[in-house]
Amino acid sequence: MFSLKGRTALVTGASRGLGFAMAKALAENGATVIVNARSADDLKTAAAKIGAEPLAFDVTDRRRRVRRLKTSWRAMAGSTFWSTMRASSTDGP
C-alpha cells in the first residue's frame, strides 16, 4: 500500500471494531500507533495484537483527555501526530 514509517497515529475507540481495524492498518503500514479506549483491559489486549501502545482514558472527559494527550505529545516530540477522535454517548442517538 504505502509507508507510514516515521509517523505516529493516535486512534481512539481502538479496542475493537472500526477503531481497531484502522489502528491495525496503520501499524501494518509502518506507523507507530497509540490506541485509546476507556477500558484499559480491553485496550491492552488490542494493543498487544498489533504492537501498539495503549493509552486508556475517556475522550469525553476533557480535563483527563488534555492531560493524557499533553503527556503523550511530549514523549513523541518530533513525530507526526494524527488523531481520529470517536466520541459516543450513552444518553441517546
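If a residue has to be under 12 Å from ALA52 (Cβ atoms) and surrounded by fewer than 16 Cβ atoms within 10 Å (Cβ to Cβ) to count, how many in the stretch 16-29 make the cut?
Count: 1.
Looking at (1) within 12 Å of the chain's Cα centre (by Cα); (2) small (Gly, Ala, Ser); (3) at pLDDT 90 or above, can you tell me which one ALA9 breaks?
All conditions pass for ALA9, except number (3).
Just checking, which of GLY17, GLY51, GLY30 is touching a helix residue (DSSP H, G or I) at 6+ places or on another chain (Cβ under 8 Å) and modelled with pLDDT of 90 or more?
Numbers: GLY17 fails: touching a helix residue (DSSP H, G or I) at 6+ places or on another chain (Cβ under 8 Å); GLY30 fails: touching a helix residue (DSSP H, G or I) at 6+ places or on another chain (Cβ under 8 Å).
Within the list GLY17, GLY51, GLY30, the selection yields GLY51.
This table checks each residue for (1) surrounded by 19 or more Cβ atoms within 10 Å (Cβ to Cβ); (2) in contact with a Gly (Cβ under 7 Å, 6 or more places away or on another chain); (3) of a type in the set (D, E, K, R); (4) under 15 Å from ARG68 (Cβ atoms).
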site: PHE2; (1), (2), (3), (4): no, no, no, no
site: LYS5; (1), (2), (3), (4): no, yes, yes, no
site: ALA9; (1), (2), (3), (4): yes, no, no, no
site: ALA14; (1), (2), (3), (4): yes, no, no, yes
site: ALA37; (1), (2), (3), (4): yes, yes, no, yes
site: THR45; (1), (2), (3), (4): no, no, no, no
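Counting only residues that are crowded, with 16+ Cβ neighbours inside 10 Å and either modelled with pLDDT of 75 or more or charged (D, E, K, R) (or both), how many does the stretch 59-71 have? First the steps, then the outcome.
If we filter the stretch 59-71 for residues that are crowded, with 16+ Cβ neighbours inside 10 Å, which is where we start, we get 59, 65, 68-69.
Now restrict to residues that are either modelled with pLDDT of 75 or more or charged (D, E, K, R) (or both): 59, 65, 68.
Count: 3.
The values are calculated or read from the model by the stated rules, or taken from the named source; none is laboratory data. The model shown is predicted, which means the values in this text are computed figures rather than measured ones. Cβ atoms come from the backbone with ideal geometry, glycine included; neighbour counts cover every protein chain shown.
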